[in-house]
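I have placed the structure first, in the form of structure tokens, so that the comments after it can refer back to it.
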Amino acid sequence: MRTRILDAAREHFVEFGYAEANVDAIAVAAGVSKGSIYRHFPSKGALYFAVLSANSHEFFEGSEKHVQETKDLPTAERIRKLWGNYLKHWLRNPTDFEIFWAFDNAEELGELPEGLTDRIAENWTRALRLTEQVLDDGVERGELIQVDTWKAAQSFWTLATTLIDHDNNRARRRMRDRPFHETYEFAIELLLRGLLVNPEEASLGTLAPGEED
């Protein structure tokens, strides 16, 4: 039943957004009573958080698998692939990133299960630890300079997430003259360049103006 509720809620939230979402309509779509929903989730906000958390689980698992599968590659390539996967996940699942709005507006979402936001934050921290692990490997191999790898991991996350959030605004998108993925990849390379023992390994290249994506 919980899975049916989450599936129905996911489709409903995507179509109507959080503010306009209706628990009665979600119950009908899931084929359950409204009371059944509230037995699993104490509020619409709790249901919303649960949907966003479930959506992110696939990304976390994929990232963990990626780190293991790329362990024999050069560190620079591992970082490119890891944060490239972050971008691909956003392009496929743009609503997943509403989790950040939910955190910023948790007081508007009503009653939430105790510790829910902490558990979700722990999941995102786990994802950051994967980047830290790759960076630690790079320092140990002598491919990266000696650096606080946790702060560096947070820098990659802040950069990537800020770029994605910025591009969610239609007016801001008009300010760039190239496909978003090029700007994103260029920014990752700039940050990576500052960590490499041999900075020339960064593939900055020259970005030519491109078509709007």
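Throughout, read-outs are computed from the coordinates displayed, never taken from laboratory work. Worth saying up front: this structure is predicted, and the values here are computed from it rather than measured. FYI the Cβ positions are ideal-geometry reconstructions off the backbone, even for glycines, and counts take in every protein chain you see.
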Return the lysines within reach of Lys44: Cα separation strictly under 25 angstrom, same-chain partners fewer than 8 residues apart disregarded; answer none if there are no such residues.
-> Lys34
Kirkwood Rh (inverse of mean 1/r, distinct Cα pairs), segment 1-40, angstrom | 9.7
Amide H neighbours of Leu144 under 5 Å, counting only residues 5+ apart in sequence or on other chains, H built in-plane at 1.01 Å?
-> Val139, Val197
Take Glu132, Glu20 and order them by how many other Cβ atoms sit within 10 Å, fewest up front.
-> Glu20, Glu132
Could you please rank Trp83, Trp157, placing first whichever residue has the fewest other Cβ atoms within 10 Å of its Cβ?
-> Trp157, Trp83
